[in-house]
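Contents: one structure, followed by commentary.
The values are calculated or read from the model by the stated rules, or taken from the named source; none is laboratory data. Here the structure is a predicted model, which means the values were calculated and not measured. Note that we place each Cβ from the backbone using ideal geometry, even for glycine, and neighbour counts take in every protein chain shown. The protein model used for the area step is the full one, side chains on, heavy atoms only, and it has no ligands, DNA or RNA in it. Shrake-Rupley method; radii C 1.70, N 1.55, O 1.52, S 1.80 Å.
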Amino acid sequence: SWGRSGERVTELAAGLLSLGLEPEQRVAIAMATRLEWIFADLAVMLAGGATTTVYPSTNSEDVGFILSDSGSRIVFAEDGSQLAKLVEQRDAIPGVEKVVLVDTAAVDLSTRRDDWVITLKDLAARGRTLLSSDADAVTRVNDAVTNDRLATLIYTSGTTGKPKGVMLSHANLVANARAISAEHALGAGDRVAAVLPLYHINAFA
């Protein structure tokens with residue numbers, strides 16, 4: 001439900017705050033289109049951060065470049081294949097302090113040599129702990145977000161050189177939402193098919 005989704009996003013946002021996320025700091029999402037992508041994106045913005053998009057098909061070298069260029073502190077990695085790229089590039093991305101693994105089905109985390117990698121459940125648990133002692137932690141941070149703040153960095157595919165980050169503010173995203181609302185293009189009972197992947201700029205159009 002929308003209500004449960006809101007609770008889930010708030011828990012994840014609080015989890016990000018517990019990791020020390022500060023306003024406009026970048027959090028990367030390396031995932032294909034799935035519900036957790038939406039939760040992660042909303043949680044980042046709710047916590048005052050800015051989402052950095054990473055194509056799941058991006059090779060490890062370019063993943064390293066994007067994470068370094070964007071200054072991403074945290075990465076949501078979909079599964080073992082995305083995690084492997086981060087592990088390979090770890091020395092090149094010293095700014096990445098934490099990796100949040102979404103799908104742990106085929107990943108053996110028992111051999112972790114440090115706490116660089118946590119699970120999505122771990123992040124939500126951290127969030128619940130923070131909210132239990134400070135119920136308004138997320139609300140305070142979110143209320144301070146202004147329209148001119150950076151909301152997302154969407155990276156190009158890099159076909160004409162190294163990938164380039166396109167900066168979009170909260171005002172940019174709100175303008176699109178208002179345009180759709182003004183056209184009455186969507187109603188409460190409508191369903192939408194996501195043809196383009198969520199990490200693609202046209203997903204906002």
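Miscellaneous remarks
- Approximating the spin labels as points 7 Å out from Cα along Cα→Cβ, the E24-to-A106 distance works out to 4.0 nm.
- Accessible surface computed residue by residue for the chain, with neighbouring protein chains in place and a 1.4 Å probe, gives 53 Å² per residue.
- Other-chain or far-sequence residues with amide H under 5 Å of R26's (modelled H): A50, R73
- Rolling a 1.4 Å probe over the protein heavy atoms of the chain, with every protein chain left in place, gives an accessible area that is 53 percent carbon and sulfur.
- For segment 42-133, the equivalent ellipsoid built from the Cα gyration tensor has semi-axes of 21, 17, 12 Å, listed from largest to smallest.
- Mean separation of Cα pairs under 8 Å and 6 or more residues apart, divided by the residue count, gives segment 1-103 a relative contact order of 28 percent.
- Within straight-line cross-link reach of K162, lysines at Cα separation under 22 Å, skipping those fewer than 8 residues along the same chain: K85
- Relative contact order, percent, the chain [alpha-carbon distance under 8 Å, six or more residues apart]: 24
- Other residues lying with their Cβ under 10 Å from the Cβ of V27 contribute a combined charge of +2, Lys and Arg counting +1, Asp and Glu -1.
- Segment 77-205 - share of DSSP beta bridges that are antiparallel (%, nearest 5): 55
- For V117, the residues whose amide H sits under 5 Å from its own are V99, ignoring neighbours fewer than 5 places away on the same chain, with H placed 1.01 Å from N.
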